[in-house]
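Here's the structure, in C-alpha cells; my notes come after.
The values are calculated or read from the model by the stated rules, or taken from the named source; none is laboratory data. Fair warning: this is a prediction, and the values are worked out from it, not measured in the lab. Using ideal geometry, Cβ is built from the backbone for each residue, glycine included, and neighbour counts are taken over all protein chains shown. Keep in mind that these areas ignore ligands, DNA and RNA; they rest on the heavy atoms of the full protein, side chains included. Shrake-Rupley method; radii C 1.70, N 1.55, O 1.52, S 1.80 Å.
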Amino acid sequence: WAAKAEGEELSVGGVAVSPDGQWLAVTAADNEDAQVGEAKARKDDARRVGFDHQKKRLYLVSGDGRTAREIELPLDAGTPAWMADSRRMTVVVDPESDDLGPASQGWIVPVEGTPRRIEGLPPSVRAVRLTGEANGVVYLAQCQDDAPPGCSDLYVREREEAATRNLT
C-alpha cells in the first residue's frame, strides 16, 4: 500500500500500530488542489472556508501493506487509539473550523464492520478511550467550571446509559 488516494499522494499525519501488529491506522490529509497551490505561489493567502479544506482521513492498512481501506467518518479524523484486543479503536473527529463553537465527536472504529458514534459526549471532547466495562468511556473535555478554552477535565461514563462523572 502506498499513501495514495484516487491516484494522488497523501500527506500522512500519523500512524498508530495495533497491539498485535496486524494493523496500521493511518491519518492523512488530502493534497491541496491546483487552484490552492497556485494561490499560495502568488502569496494570495485568502482562505475560502468550506472550499479550500484538505480533509484529514483515516485509513486501515494491514501490517503487510497488502490491503487498505478508508474508514468513512463525517469530519476530520484525529489520532486513533487502539484497544488492547486489536479489534477496534477510538478516534475523535473535528470539523474544519470551530468558529461556531466546538463540535467534536468520539467514534468507535472496528477492524471489521461499520464505525459508530459514541453518543452522549460533549462537543468539546478532545480524547476518548474505551474502558474494560461494557460500553464504558473515559474522555477529556472542556472543564465544567468557569475556565478558559483549552482547559480539560477527565470524565468517565461506565455504561452508555450511566451518568458521567468528573474525575478531575
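Results, tabulated for the structure shown:
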| quantity | calculated |
| --- | --- |
| Net dipole in debye of the range 59-150 [+1 Lys, Arg Cβ; -1 Asp, Glu Cβ; about Cα centre; nearest 20] | 440 |
| Net charge contributed by nearby residues that have their C-beta within less than 14 Å of Gln22 (K/R +1, D/E -1) | -1 |
| Val111 accessible area, 1.4 Å probe, all protein chains in place, Å² to nearest 10 | 20 |
| Solvent accessible area, Å² - Lys56, 1.4 Å probe, full protein context | 100 |
| Carbon/sulfur fraction of accessible area - the range 103-156, other protein chains in place, 1.4 Å, % | 51 |
| Packing rank of 120-130, 141-151, where each peptide gets the mean count of other beta carbons within 10 Å, highest leading | 120-130, 141-151 |
| Ranking by accessible area, most exposed first, for Val12, Val109, Val138 with a 1.4 Å probe | Val12, Val138, Val109 |
| Long-range HN-HN contacts of Gly63 with modeled amide H, under 5 Å | Trp23, Leu24 |
